[in-house]
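Everything on this sheet refers to the single structure shown next.
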Amino acid sequence: MKRSSRDKSLQGVCGGIAEFFGISSFAIRLIFILTIPASFIIYIILTNSLDENTTL
C-alpha cells in the first residue's frame with residue numbers, strides 16, 4: 001500500500017487506501033472523519049510510514 005500521488009487531499013493516505021481496495025476515496029475520508037480522534041493518530045502514523053506512489 002502506498003500514498004496516492006494523484007488523489008490527495010492532505011498527504012494522499014486516504015487516496016492510497018482507496019486505490020488499494022478499489023473503492024471511492026470519499027468513503028475512506030468519511031470513515032476517517034467519523035472516527036476522530038483515533039483516526040487522527042492512525043493517519044499520522046500512515047503518513048510517516050507509507051511511501052508515495054510515484055507511478056502514474
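The values are calculated or read from the model by the stated rules, or taken from the named source; none is laboratory data. Since we're looking at a predicted model, the values are computed, not measured. Here Cβ is always computed from backbone atoms with ideal geometry, including for glycine, and neighbour counts include all displayed protein chains. The accessibility values were calculated without ligands, DNA or RNA, using every heavy atom of the protein model including side chains. Shrake-Rupley method; radii C 1.70, N 1.55, O 1.52, S 1.80 Å.
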Quick check on the range 36-43. Is at least one of its residues touching a residue at least 40 places away in the same chain (Cβ under 8 Å) and part of a loop (DSSP other than H, G, I, E, B)? no
Considering only residues of the range 22-38 that are surrounded by fewer than 17 Cβ atoms within 10 Å (Cβ to Cβ) and of a type in the set (S, T, N, Q), which is nearest to MET1 (Cα to Cα)? SER24
For the range 6-21, state whether one or more residues are open to solvent by 80 Å² or more (accessible area, probe 1.4 Å) and in a helix (DSSP H, G or I). yes
For the range 39-56, what are the residues that are open to solvent by 60 Å² or more (accessible area, probe 1.4 Å) and in contact with a strand residue (DSSP E or B) (Cβ under 8 Å, 6 or more places away or on another chain)? ASP51, GLU52
